[in-house]
Amino acid sequence: MGINFKFASEIINIFDPASVDENFKSLTFVNFSSSDEFIKIVLENGSNCIKKPEKYSLLHHLIEGYLYCYLSHERYYLLDSLCDDFEKELIIDFFHRQYDLINEYQSSEIDYEEIIETLDSEYENSDYQCHKEYKENLRTLYEKYEEEFEKFIPNIVDSIFFLLFGNKKFLFYFNEYMSSFISKDYLPVDMFDEHNHLIRIKYLPEWLKRAVYYRDRGRCQYCSRDISGLYSILEDNEKHFDHIIPLEKGGTNDSTNMQLTCSECNLSKNKSLVNPEHYYEVYW
Ligand SMILES: [Zn+2]
């Protein structure tokens, strides 16, 4: 899971409220003239799961977008910005990263170890670092790598999602950030009610209730009360599920915006946004 932890922690850092706008800019600048354009595409692709929870959630779409931006960055730094005095370390680093990543999924058709060795020896040869041919080799290699990486994107998205879905603090910040885009400017008008909030869905799918129940370990996320004795996922129990960012505050019906609550907390009018610092509990 090494490389996926790295990706997951990069995504967590992007949503750090202190620097989120800046982080988005640096993530998306290679492909987009503004980070809003990137979010627009994520929302377009994920508009169905905002309306009604889907297994391939808004966060899946975001991760997928992140991975394509990651690829473009690699290309940009490695190839497009290659100049005569490009740094060998940059290239070797790149191939080490790719080697780790591809290795994590299955054996690669590309022998990165051999490539690194070849590049090393070619580089050492006289003026090779300025040589056109050397750069062409790199370009061809990068394109092969890109093709291979794209094949693994669905697996990588699933692994990163697995890591992020358990991180309640991240889910809070993710949904809070997305809430500023939940408007008729970005989404179809018929998704909203007369107060400009997304239309509430009546029933959550069983697969989602089950996932949220086990993730939250049967405890109300407001008061920590253990409701596992009261709860059966086979019953009508919508009152035990709540939006992390309420619809009234721009929250969505996405599966990443749901949490477990006791019915008292859920029905309470005084409920305020949960402090994400309180999300972690000890296992025993
Ligand atoms: Zn409660």
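Each reported figure results from applying straightforward, stated rules to the coordinates on display, with no laboratory input. On a predicted model such as this, the values are computed, not experimentally measured, just so you know. Cβ placement follows ideal geometry from the backbone for every residue including glycine, while neighbour counts extend to all protein chains displayed.
Applying the selection to region 42-52, what residues are crowded, with 16+ Cβ neighbours inside 10 Å, within 17 Å of the chain's Cα centre (by Cα) and assigned to a helix (DSSP H, G or I)?
The answer is Val42, Leu43, Asn45, Ser47, Cys49, Ile50.
Residue-by-condition table, conditions (1) more than 19 Å from Leu58 (Cα to Cα); (2) surrounded by fewer than 20 Cβ atoms within 10 Å (Cβ to Cβ); (3) within 16 Å of the ligand (Cβ to nearest atom):
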{"site": "Lys202", "(1), (2), (3)": "yes, yes, no"}
{"site": "Lys209", "(1), (2), (3)": "no, no, no"}
{"site": "Gly218", "(1), (2), (3)": "yes, yes, yes"}
{"site": "Thr261", "(1), (2), (3)": "yes, no, yes"}
{"site": "Glu264", "(1), (2), (3)": "yes, yes, yes"}
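Under 7 Å by Cβ, and 6 or more places apart or on different chains, what pairs join a residue from region 131-156 that is within 14 Å of Ile116 (Cα to Cα) with one that is of a type outside the set (A, V, I, L, M)?
Tyr134/Glu122; Tyr134/Tyr128; Tyr142/Arg75; Tyr145/Gln98
Working only within region 216-229, note down all residues that are out of contact with any Leu (no Cβ under 8 Å at 6 or more places or on another chain), in contact (Cβ under 8 Å) with a residue 12 or more places away in the chain and of a type outside the set (Gly, Ala, Ser).
Selection gives Arg217, Tyr222, Cys223, Arg225.
Every residue, every condition in (1) farther than 21 Å from Lys169 by Cα; (2) in contact (Cβ under 8 Å) with a residue 24 or more places away in the chain, yes or no:
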residue: Lys6; (1), (2): no, no
residue: Ile12; (1), (2): no, yes
residue: Asn23; (1), (2): no, no
residue: Asn45; (1), (2): yes, no
residue: Ile50; (1), (2): no, yes
residue: Lys55; (1), (2): no, yes
residue: Cys69; (1), (2): yes, yes
